[in-house]
Ligand SMILES: [Zn+2]
């Protein structure tokens with residue numbers, strides 16, 4: 001395992017950069033290692049820089065934000081289609097909207113969770129700012 005040069009714990013942590021790295025599933029610190037070891041399972045440590053990632057407390061925020069975004073998109077599209085073409089067969093509504101909602105949710109959930117973990121890391125929340133717990137370095 002090659003470790004990139006470690007920055008001190010009090011090094012600058014720009015929130016936008018950390019969130020963007022998390023959004024793409026990358027370590028908020030180095031931007032190279034993967035943040036997930038499975039679909040939504042966060043890795044204990046970054047495999048590249050050794051940053052501890054288990055401190056995150058994303059909890060219910062990613063599903064809440066995913067439902068909020070997907071709900072607005074799907075309901076907005078449903079209303080738009082209903083307004084433009086009010087004689088669309090019911091089976092199309094029954095097939096398209098639930099499928100779109102599920103696929104959008106599955107796509108957005110890891111993105112939002114990664115961005116939230118990056119934000120928590122940038123703000124040194126939940127133990128992300130502790131120097132002593134950075135195992136693997
Ligand atoms: Zn890393």
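Just so you know, all these numbers are worked out from the coordinates, no wet-lab data involved. Bear in mind the structure is a predicted one, so any value in this text is a computation, not a measurement. Glycine also receives a Cβ, built like all others from the backbone with ideal geometry; neighbour counts cover every protein chain displayed.
Laid out as a table, the results:
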item: Residues 37, 13, sorted so that the one with the fewest Cβ neighbours within 10 Å comes first; result: 37, 13
item: Paramagnetic reach from residue 130 (point 7 Å along Cα→Cβ, amide N under 16 Å) across the stretch 32-59; result: 44-45, 51-57
item: Projected label distance in nm at residue 64 and residue 97, using a 7 Å step from Cα toward the beta-carbon; result: 2.6
item: Candidates 124, 41, 113: whichever shows maximal mean-square fluctuation once the chain is modelled as a Gaussian network with Cα springs under 10 Å; result: 41
item: Volume of the Cα convex hull of the chain, divided per residue and given in Å³; result: 105
item: Residue exposure sequence - 112, 92, 117, 67 - by fewest surrounding Cβ within 10 Å; result: 92, 67, 112, 117
item: Cα gyration tensor category, rounded, prolate or oblate, for the stretch 73-127 with a/c compared to 1.5; result: prolate
item: Relative pair counts by distance (%), Cα atoms of the stretch 6-68, 10 Å bins; result: 21, 54, 22, 3
item: Residue of 78, 19, 125 that the Gaussian network model of the chain assigns the largest fluctuation, springs spanning Cα pairs under 10 Å; result: 78
